[in-house]
Amino acid sequence: MGLPWKRTSITAATGGACPPFSPLDISGLKLWLDASAITGLNNNDSVTTWADISGNGNDVTQSTGSKKPTYQTNQINGLPAVVFDGVDDQLENSMSMAAGAKTLVVIGKLSGGAINYPRAFSGKPDTTFLMGCASTGKNLCLIMGNGSGSWNSVAANTPTTSWNAVWLIAGLRTDGTTLTPRANATTLNTTNGSNPTALTGVVVGAAPTGAGVQWWTGPIHAVLAYDRDIGSGAMGSIFSYYRTRTAIY
């Protein structure tokens, strides 16, 4: 399947050929984690650093051995994933994102665990911007908050769209007025929403340190975060890119 596309110099081709699409082609990409781009690790090795391939250097890291997730091969159509134990694994950084419209895409699967509201991705401070699942039925839950412990808005799914034991490409866009969630081929019901406040960092696999024990159990293949609402067309391009690579749907 190869590594995710990265920018290279392009020489004009005959016959109208076009370079392949990359999420880098969409402006505003702040963070791009993709397990296929991880190098130097063998199956079941601990992950100290998951490198950001957006070009912004926003790597997520973990220095405590017991809190490191593992790199595991052949998790999704022959592709690898970073697997979180649902106990204390998490990776984080101090990436800043200004208040305003944002877009988030996560490719992952919840594989078990009894923790309420397990989170695949969280913004710092807590409740600023996150993706995880509701405790009942482990349904998809895409949430934006005001950064002070209260939810601004919640965009949840129908019962048939669940993280539980199912791989999802899940996305959330906000333009400051409306939250638009999507899971695989389905754009879910929109809901009112306001822009999230500024982020001072992100956590993958858990709530921010000290904000609770909402640990993720299972594999995450990729995370992408943009500092703007990229629109439905660009979101569709990202979903098509990962659908082709992963054969999720």
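For residue 213 and residue 21, a Förster radius of 35 Å and the Cβ-Cβ distance give a FRET efficiency of 0.35, rounded to the nearest 0.05. Across the range 54-131, counting alpha-carbon atoms alone, Rg and Dmax equal 13.9, 38 Å. Across the range 17-81, the fraction of Cα-Cα pairs farther apart than 18 Å, rounded to a whole number, is 46%. Near the amide H of residue 68, within less than 5 Å, lie no amide hydrogens of residues on another chain or at least 5 residues away, with H placed in the peptide plane.
A straight Cα-to-Cα reach below 14 Å connects residue 109 with the aspartates and glutamates 85, residues fewer than 8 places away in its own chain not being considered.
Laboratory data are not the source of any read-out in this text; all were calculated from the coordinates shown. Please read all numbers here as calculations on a predicted model, not as lab measurements. In this analysis, Cβ positions are derived from the backbone assuming ideal geometry, glycine residues included, and neighbour counts consider all displayed protein chains.
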